[in-house]
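Colleague: The structure under discussion is supplied below as structure tokens; questions concerning it will follow.
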Amino acid sequence: MKVTLLGTGSPVPLPDRAGTSILVSIGDERLLFDCGPGTVTRLLENGINPGSIDRLFFTHHHIDHNAEFFNFAITNWARGNGSETLRIHGPNPWTDTLLESLYDIYEEDIEYREEVGYPSNGIWDVETDPVDDGSVIETSRWRVEAREVDHSIEAYAYRITDTQTGREVVLSGDTSMCDEIVEIADGADLLVQDCCIAPVADDPPTDEDTDAYVWDEYTSELPDEKRAGLHETHCDPSEAGEIASNAAVDTVVLTHLLPYRDREAIRSGVAAQFDGDIIVAEDGLEVGVDPIDATTNR
Ligand SMILES: [Zn+2]
Ligand SMILES: [Zn+2]
């Protein structure tokens, strides 16, 4: 089993951190979790054919987790072999609404593509399955269990089991510190954990020293009120470490990072609570789980 952190950012768009999207590869199968802005580009950068994915899971329907859905669905179809229909799992009614919107908005576009030779299968037969607390989706090779966590809207963490090797990965999705994420992560080999609330790096970019776009609001610490609001729905490094420690996972990967964060402060904040392995995510990070082995393609 291998986990590829395609997008490790937040709703704040930045070139080096795309919106959330995580690929889990088990044997020949590829499961995509969330489809934030930049997903298709990041798949291509990692050498993954978007058409090779036949399962998409949504943790929740915030824009940084679903905004690339239309592009992904069309690309998945256009690059697919037509033999596997995309199946989408996520909270409803939003997952159904997203798929219906695809058909509403792009009906003529899809028909035009069929006329010019794209496959006749793989787009009109996309299926959705609603996810609830405790939902289990499984095949002969893997099992995915959903657990509702604490966020500003209905949101799920997923525990993914490679039933051939017994290895287990948990993706927290967006969550505040809560019992449910500790319970679903219990004893996992790898936990990919929301760590949105983290201190700013010592040397954030400024408009003066770079030609690149700078989102000024995030080059200094957030105002207390805004930070407190975010903290009600996301974790800080100490909480991420506490979750990893209480769940007794082997390795934790910290993700969903705001711009210009201090990676060492994230690592040390987690390490104060957790004595397992700690990885601060970057886009393109690949983590093998048989055993844990991290590399990056970017
Ligand atoms: Zn969210
Ligand atoms: Zn998010």
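The values are calculated or read from the model by the stated rules, or taken from the named source; none is laboratory data. Model, not experiment: these values are computed from the prediction. Note that we place each Cβ from the backbone using ideal geometry, even for glycine, and neighbour counts take in every protein chain shown. What goes into the accessible areas is simple: the full protein's heavy atoms, side chains included, and nothing from ligands, DNA or RNA. Shrake-Rupley method; radii C 1.70, N 1.55, O 1.52, S 1.80 Å.
Colleague: If only one of T20, T8, T41 is of a type outside the set (A, V, I, L, M, F, W, C) and either surrounded by fewer than 22 Cβ atoms within 10 Å (Cβ to Cβ) or away from ligand 2 (no atom under 16 Å from the Cβ) (or both), which one is it?
Modeller: Values: T20 fails: either surrounded by fewer than 22 Cβ atoms within 10 Å (Cβ to Cβ) or away from ligand 2 (no atom under 16 Å from the Cβ) (or both); T8 fails: either surrounded by fewer than 22 Cβ atoms within 10 Å (Cβ to Cβ) or away from ligand 2 (no atom under 16 Å from the Cβ) (or both).
The match here is T41.
Colleague: What are the pairs, 6+ residues apart or on separate chains, where a residue within segment 154-170 that is of a type in the set (D, E, K, R) has its Cβ under 9 Å from a residue that is part of a loop (DSSP other than H, G, I, E, B) and within 16 Å of ligand 1 (Cβ to nearest atom)?
Modeller: Partner pairs satisfying both residue conditions: E154/H60; E154/H61; E154/P91.
Colleague: So which residues in segment 177-190 are outside any helix (DSSP H, G or I) and open to solvent by 80 Å² or more (accessible area, probe 1.4 Å)? Write out each step before concluding.
Modeller: Step one: of segment 177-190, the residues outside any helix (DSSP H, G or I) are 177-178, 186-190.
Matches in segment 177-190: D186 only.
Colleague: Here's something else I'd like to know. Which numbered condition in (1) on the phi > 0 side of the Ramachandran plot; (2) open to solvent by less than 20 Å² (accessible area, probe 1.4 Å) is the only one that G117 fails?
Modeller: Checking G117 against (1) on the phi > 0 side of the Ramachandran plot; (2) open to solvent by less than 20 Å² (accessible area, probe 1.4 Å), the one that fails is (2).
Colleague: Related question: If I ask for residues that are open to solvent by 20 Å² or more (accessible area, probe 1.4 Å) and in a helix (DSSP H, G or I), which ones from segment 191-222 would you list?
Modeller: Across segment 191-222, the qualifying residues are D216, E217.
Colleague: Can you tell which of E232, E264, E225 is open to solvent by 60 Å² or more (accessible area, probe 1.4 Å) and over 27 Å from E180 (Cα atoms)?
Modeller: One residue alone meets the criteria, E264.
Colleague: What are the pairs, 6+ residues apart or on separate chains, where a residue within segment 227-245 that is within 16 Å of ligand 1 (Cβ to nearest atom) has its Cβ under 6 Å from a residue that is open to solvent by less than 10 Å² (accessible area, probe 1.4 Å) and part of a helix (DSSP H, G or I)?
Modeller: Hits for this filter: A240/V270.
Colleague: Another question, if that's okay. If you scan segment 255-286, which residues turn out to be within 16 Å of ligand 1 (Cβ to nearest atom) and either within 23 Å of E168 (Cβ to Cβ) or touching a helix residue (DSSP H, G or I) at 6+ places or on another chain (Cβ under 7 Å) (or both)? It would help to see each step written out before you state the result.
Modeller: Let us first name the residues in segment 255-286 that are within 16 Å of ligand 1 (Cβ to nearest atom), namely 255-258.
Of everything in segment 255-286, those that are within 16 Å of ligand 1 (Cβ to nearest atom) and either within 23 Å of E168 (Cβ to Cβ) or touching a helix residue (DSSP H, G or I) at 6+ places or on another chain (Cβ under 7 Å) (or both) turn out to be T255, H256, L258.
Colleague: Based on what the data block shows, is E107 surrounded by fewer than 19 Cβ atoms within 10 Å (Cβ to Cβ) and either over 28 Å from I153 (Cα atoms) or within 16 Å of ligand 1 (Cβ to nearest atom) (or both)?
Modeller: On the way: surrounded by fewer than 19 Cβ atoms within 10 Å (Cβ to Cβ): yes; either over 28 Å from I153 (Cα atoms) or within 16 Å of ligand 1 (Cβ to nearest atom) (or both): yes.
The answer is yes for E107.
Colleague: Same structure, new question: Which ones in segment 214-247 are touching a strand residue (DSSP E or B) at 6+ places or on another chain (Cβ under 8 Å), of a type in the set (A, V, I, L, M) and either modelled with pLDDT under 95 or within 16 Å of ligand 2 (Cβ to nearest atom) (or both)? Steps first, answer last, please.
Modeller: As a first pass, look at segment 214-247 and keep what is touching a strand residue (DSSP E or B) at 6+ places or on another chain (Cβ under 8 Å): 215, 218-221, 234-235, 237, 240-241, 243-244, 247.
Add one more test, that the residue is of a type in the set (A, V, I, L, M), and what stays is 240, 243-244, 247.
Listed by number, the list holds a single entry, A240.
Colleague: So is D293 more than 20 Å from T20 (Cα to Cα), assigned to a strand (DSSP E or B) and either out of contact with any Phe, Trp or Tyr (no Cβ under 8 Å at 6 or more places or on another chain) or of a type outside the set (K, R) (or both) or not?
Modeller: Numbers: more than 20 Å from T20 (Cα to Cα): yes; assigned to a strand (DSSP E or B): yes; either out of contact with any Phe, Trp or Tyr (no Cβ under 8 Å at 6 or more places or on another chain) or of a type outside the set (K, R) (or both): yes.
Against the criterion (more than 20 Å from T20 (Cα to Cα), assigned to a strand (DSSP E or B) and either out of contact with any Phe, Trp or Tyr (no Cβ under 8 Å at 6 or more places or on another chain) or of a type outside the set (K, R) (or both)), D293 qualifies.
Colleague: I need a count of the residues in segment 96-151 that are closer than 30 Å to E239 by Cα and assigned to a strand (DSSP E or B).
Modeller: Of all residues in segment 96-151, those closer than 30 Å to E239 by Cα come to 130-137, 142-151.
Narrowing the set further to residues that are assigned to a strand (DSSP E or B) leaves 130, 136-137, 142-149.
Total meeting the criteria: 11.
Colleague: Restricting the search to segment 56-87, which residues are within 16 Å of ligand 1 (Cβ to nearest atom) and among the hydroxyl-bearing types (S, T, Y)? Break it down stepwise before answering.
Modeller: First, pick out the residues of segment 56-87 that are within 16 Å of ligand 1 (Cβ to nearest atom): 57-69.
Answer for segment 56-87, where residues must be within 16 Å of ligand 1 (Cβ to nearest atom) and among the hydroxyl-bearing types (S, T, Y): just T59.
Colleague: Could you please find all residues in segment 91-139 being free of Cβ contacts under 8 Å to residues at least 12 places away in the same chain, over 16 Å from F33 (Cα atoms) and under 21 Å from the mean Cα position of the chain (by Cα)?
Modeller: Of everything in segment 91-139, those that are free of Cβ contacts under 8 Å to residues at least 12 places away in the same chain, over 16 Å from F33 (Cα atoms) and under 21 Å from the mean Cα position of the chain (by Cα) turn out to be P93, T97.
Colleague: Then there's this: When the residues of segment 60-103 are filtered to those that are of a type in the set (A, V, I, L, M, F, W, C) and open to solvent by 20 Å² or more (accessible area, probe 1.4 Å), which remaining residue is nearest to ligand 2 (Cβ to nearest atom)? Full working, then the answer.
Modeller: Narrowing segment 60-103 to residues of a type in the set (A, V, I, L, M, F, W, C): 63, 67, 69-70, 72-74, 77-78, 86, 88, 94, 98-99, 102.
Pick out the ones that are also open to solvent by 20 Å² or more (accessible area, probe 1.4 Å) and you get 63, 67, 70, 74, 78, 94, 98.
Working: I63: 8, A67: 11, F70: 19, I74: 23, A78: 28, W94: 14, L98: 16 Å.
It comes out as I63.
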